[in-house]
Amino acid sequence: MDPMDHVSAGGATIPKLGLGTWQNTGDSCTESVRTALDLGYRHIDTAQAYGNEAEVGQGIAQADVDREDVFLTTKVWRSNLRYDDLEDSVRESLDALDVDAVDLLLAHWPHPRVPIEETIGAMEDIVDEDEARHIGVSNFTAAQLEEAVEVADVPIVCDQVLYNPYKDQSGLLATCREHDVALTAYSPLGRGDAISDEVLAEIGERYDKSAAQVALRWLVQQDGVVAIPKATSREHIEANLAVFDFELTDAEMERIAERRGGVSAWVRNRLPGLMRRFPL
Ligand code: NAP
């Protein structure tokens, strides 16, 4: 497996590793995106809610990489999932990013009071207008994903969800595989928890890799899984890409999967559930 490895899902070809940009704003964001692309990344993840689309667009423009070689994802916030709101949101995103189209457009969070048919219908029209190449969802449960797949006339190519060694997503992953949908892992480093994980560090010693690199390797070594670690410094950006030159054994994969649980992980991993219950 090399950094150019992809997941093929619903007709989309998604690089296995992308750069997350949440909480990276201003010049720092532009610099991180430019650095990542110059180092070999070909997948960038942003969202209208991150307030950094203009900086992400500048980073792409400044990098020594053609726009068509970059897989760019943005997301529509949950308060904009009605038909007209979604169209407006996408136009604003494209303006800020300064691109004609994104490669993947995601509904950022499900909204219990907006019919999924309306949101997916609006997203399909965005595809018809060549403003997005593919569509997908984020923070959808297996049941919500199946509903989206059911109503969509074009493939739902991804569900972007919290996934790391502390979070069991085996049920959702099985549903994704059944429907040819990629599972994109956000917070793949457990927002920092993985970095100081002693078990991951011990496994990494055998390969001369850090605990963070072992966490990312564990994700990208799974069929149909994409990881989008956020990194700001050149050192972290470069380290996170260096996970394609070693392979974990089946026993190591299983040992890492057993990391799920633990108090800190338990608290952090409740967040998507809370967001679902208290929609904005
Ligand atoms: P994360 O990627 O799990 O962790 C990011 C943290 O790890 C940052 O503090 C970063 O520090 C640090 N880090 C990165 N690489 C490192 C390395 N090699 N060694 C040591 N520390 C390292 O957390 P996340 O930002 O929550 O998730 C990643 C991306 O997923 C987001 O940026 C966003 O694009 C996406 N996301 C989506 C949703 C959604 O609802 N769809 C929700 C959350 C996140 P530095 O920044 O200082 O390098």
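The values are calculated or read from the model by the stated rules, or taken from the named source; none is laboratory data. Bear in mind the structure is a predicted one, so any value in this text is a computation, not a measurement. Reconstructed Cβ throughout: ideal geometry from the backbone, glycine too, with neighbour counts over all protein chains shown. The protein model used for the area step is the full one, side chains on, heavy atoms only, and it has no ligands, DNA or RNA in it. Shrake-Rupley method; radii C 1.70, N 1.55, O 1.52, S 1.80 Å.
Please figure out what share of the DSSP beta bridges in the chain is antiparallel and state it in percent, rounded to the nearest 5.
Working: 4 of 31 bridges.
Roughly 15 percent of the DSSP beta bridges within the chain come out antiparallel.
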For a bin width of 5 Å, list the pair-distance distribution of the chain built from all Cα-Cα distances, rounded to whole %.
1, 6, 13, 17, 20, 18, 13, 8, 3, 1, 0
Long-range amide H contacts for A9: which residues qualify at under 5 Å (H placed 1.01 Å from N, peptide plane, sequence gap of 5 or more or a different chain)?
I14
Relative packing of 64-73, 231-240, which averages over residues the other C-beta atoms within 10 Å, highest first:
231-240, 64-73
For Cα pairs less than 8 Å apart in space and 6+ apart in sequence, what is the mean separation divided by the residue count of segment 9-272, i.e. the relative contact order in percent?
19
Pull up all non-local amide H partners of V76: gap of 5 or more, or a different chain, and H-to-H distance under 5 Å with H placed in the peptide plane.
L106, A107, H108
What are the ³J(HN,Hα) values, in whole Hz, obtained from phi via the Karplus relation 6.51 cos²θ - 1.76 cosθ + 1.60 with θ = phi - 60°, for each residue of segment 104-121 in sequence order, with x given for Gly and Pro?
9, 10, 10, 7, 5, 9, x, 10, x, 9, 10, x, 4, 4, 5, 5, 5, x
Rolling a 1.4 angstrom probe over the protein heavy atoms, how many square angstrom per residue are accessible across segment 9-272?
42
List the residues, sorted by chain then number, that are 5 or more residues from C158 or on another chain and whose placed amide H is less than 5 Å from its amide H.
V137, A182
Return the carbon/sulfur percentage of the accessible area of segment 116-221, one whole number, probe 1.4 Å, all protein chains in place.
43
